[in-house]
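In what follows, a structure is listed as structure tokens, so that the remarks can point back to it.
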Amino acid sequence: MRTTILSSEAKEALRKTVRGLRGRLIDQLTEAARGEYRLDVALDKAKLPEARRCRRERLEAWLDEQARTQGSGMGKRSLPVRDRFLQQAIKEAAYTLLNRLVLLRILEHHGVVSPAVISGGWSSPAYEQEFVHYAGPLTGDETRGYQALLDTVFAELAIELPGLYGPVGLTTLFPVPAATLREVVESLNDEALESAWGDDTTLGWVYQYWNDPEREALDAKIAGGGKIEPHEIASKTQMFTERYMVEWLLQNSLGLTWLCICKKNGWTPDAESVLPVLDVRRAEWRKKREAGEVALDALMPVGNGPESAWKYYVPQPIPTDAVEKAPSSIHELKLLDPACGSGHFLVIAFDLLVRMYREEAAHRGESWADAEIAESILANNLHGIDIDARAIQIAAAALWLKARLHAPDAKLSRMNLVAPAFRLAALPKDDPGLVRLTDELERLGVPRDLTRKLVESLAGVDHLGTLLRVDQAIAALLDDAEKADGELFAWGRRKHRAALESRVAEFLDAHAAEADLGLRLEGEQLAAGLRFVRMVREGSYDVVVGNPPYQGITKTANFDYVVRNYPRGKADLYAAFLERGLELVREGGLSALLTMRGWMFLGQFAACRERVIKSADLRLLGDVDRGAFEDVPDEVLATVMAIIRRAPADAGAIAIQPTP
């Protein structure tokens, strides 16, 4: 394993590479598909060879189905819808190809895949030194057999990563021109990208840079007076978080919780020997900066070991009840990123947790194998929810890679990731899943009209994600059913709740719209519906950490649920997440979110601010203000990092602002 940190220069080169490849891939795959299937000619007149005709029939059938689901029917009225879905399918094929090649390049860098195929391209060891000598007739195509070699490698990787390397949507229907493949492979061999392949956030940056044009188009839509539709919210609000922000939030939430665990068990944490040394060095560095011996923006050198794990921690008093309510072991700690995107927070939290596991084992005088640690972190500690199913699959792949690099022999049994992409809007009354749910709940004593009311309350899950209060929806249903059925229903309320959760989860699974994690796991993975219902239970987490979406509600369509259910946070989605984060953590737990800073002083956030100040324990503010994001102009986005504890207000808050 060769770890590198993505330099600013490499990051900019990656941005230009991904954006450039995006446009060319989509254009060239579109042109190739039109030529391959003669899409401008009716199928019955295209005179295609049999195999190609069968593939086009499959594509036409899929486009017809999409048009029907949009209510466009057949004929000329359906043409714009069909064209839109054709472009969607081609775009999926394009980004799937790029993601496959990028991840393969990363795996080669770390020695997980050897000999290399992407590194060196047609001059790579796998191709030049091995494949061409044994491939025979396979080298007769326009890629000289390179595509066949890639297909072989992809098939092997699909055993563990079927969601990325296996059959994805209609990708197999879209041929990749030889010149296009060569261009992508050569671009990924650019020396300017070298530091990208050993950085654990590169997959996430590729994902953001691919989606940036869509976000920019939606910004223009808002500027022109338009509103963001529910299906556009994921693209509009994607903002990959800078590494220093992730580390600051994690070290002051997960790190603080670890200190509480140590204190609860009477252990002396390693941090106690590291933090005083860092404080002395910071003081010395400030003197050098003031004396002009180092540049004003120069960063203090920090070691890779314990110093790096605590470099952003802000020393602070630890409340007594925080120690009492802390988990007894790192095995028990639960962390959630409520809008996890491609998993940046979770990937970096993995490394911190590994250090904590090893430290706890030393305190207990035990030895825990690397595989045991990796398996426990993914099965017990880390949780992530996002409304974008593609992002969740990338997060799953990134965590799989983390675990694989840490412990190649780890047997991953479970990942607590979910994209609640359930098609529940405008369900017909005779929908089989709805009929079954209604019948089953009626046998439990729930009237049919109450079941319909519950389903209507869940209809926004695919664009609300973590903000959907499933707990409260089920509780409201139980209350209404109890009123209808009296003491008999109340007597079995707890049993009814468990049954309701199970039935609702099965109903959600019946309407899943996307592929799941895209991983082959050793254990039995809970279905997506049950995973989601369990993961949004209030009071479940020790730490909720992340960078939730920023989007004013007045610029969105069909977000009445947020206005009704989060009146204090209805001005912007991030404010609703501030409130939701405090609901999801246990008593004494920590919410650590990066948000825009307007909630601290603007009038429209007064109720949200009052909730944080008077009803919770605001521990720490890192007011990074403008210029916090390297890729965003200074005046466009001003942000703050807030650590808030679910506990009565305390007088001891700390605020830090690096710039005047």
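The values are calculated or read from the model by the stated rules, or taken from the named source; none is laboratory data. Please read all numbers here as calculations on a predicted model, not as lab measurements. Glycine also receives a Cβ, built like all others from the backbone with ideal geometry; neighbour counts cover every protein chain displayed. Surface areas here come from the heavy atoms of the whole protein model, side chains and all, with no ligands, DNA or RNA. Shrake-Rupley method; radii C 1.70, N 1.55, O 1.52, S 1.80 Å.
Counting heavy atoms of the protein chains alone, Cys340 has an accessible area of about 10 Å² for a 1.4 Å probe. Computed from the C-beta positions of Ile613 and Leu637 and an R0 of 30 Å, the FRET efficiency is 0.80 to the nearest 0.05. Taking the three principal axes of the alpha carbon atoms in the stretch 259-407, the coordinate ranges are 50, 40, 30 Å, sorted in descending order.
Among the trypsin sites (Lys or Arg not before Pro) within the stretch 335-411, those in coil by DSSP and having at most 13 neighbouring Cβ atoms inside 10 Å are Lys411. The mean sequence separation of alpha-carbon pairs under 8 Å and at least six residues apart, normalised by the residue count of the stretch 544-631, gives a relative contact order of 28 percent.
Roughly how many Å² is the accessible area per residue of the chain, as a whole number, for a 1.4 Å probe? Mind dumping the intermediate values first?
Working: 28950 Å² over 660 residues.
So the chain comes to 44 Å² accessible per residue, rounded to a whole number.
In this simple spin-label model, placing a label point 7 Å from the Cα along the Cα-to-Cβ direction at both Asp27 and Ala361 gives a separation of 5.3 nm. Among the trypsin sites (Lys or Arg not before Pro) in the stretch 1-60, those placed in a DSSP loop whose Cβ has at most 13 other Cβ atoms within 10 Å are Arg2, Lys47.
Between Leu444 and Val280, residue separation times 0.36 nm minus the direct Cα-Cα distance comes to 52.5 nm. Can you give the % of DSSP beta bridges in the chain that are antiparallel, to the nearest 5? The answer is about 50 percent antiparallel. Solvent-accessible area of Tyr165, all protein chains in place: 10 Å² (probe radius 1.4 Å, heavy atoms, ligands and nucleic acids excluded). Computing FRET efficiency as 1/(1 + (r/R0)^6) for Arg182 and Lys227, where r is the C-beta to C-beta distance and R0 is 41 Å, gives about 0.45. Separation of the stretch 97-126 and the stretch 559-581, taken as the distance between their Cα centroids, equals 44 angstrom.
Other residues within the sphere of radius under 9 Å centred on the Cβ of Leu278, judged by their own Cβ, net out at +1 (K and R +1, D and E -1). Loop-resident GluC sites (Glu not before Pro) (DSSP state other than H, G, I, E or B) in the stretch 327-375 with no more than 12 further Cβ atoms inside 10 Å of their Cβ: Glu366. Sorted largest first, the principal axis extents computed over the alpha-carbon atoms of the chain equal 78, 73, 54 Å. Residue-normalised convex hull volume from the C-alpha trace of the stretch 185-330: 234 Å³ per residue.
Could you look at the chain and say what percent of its accessible area is carbon and sulfur, using a 1.4 Å probe and all protein chains?
Of all accessible area on the chain, carbon and sulfur atoms account for 51 percent.
The Rg/Rh ratio for the stretch 281-321 is 1.12, where Rg is the radius of gyration of the alpha carbons and Rh is the Kirkwood radius.
For the pair the stretch 387-417 / the stretch 164-205, the C-alpha centres are spaced 19 Å from each other. When the listed pairs Lys16/Lys227; Lys221/Lys570; Lys227/Lys570 are checked against a 24 Å cut-off, the alpha-carbon distance exceeds it for Lys16/Lys227.
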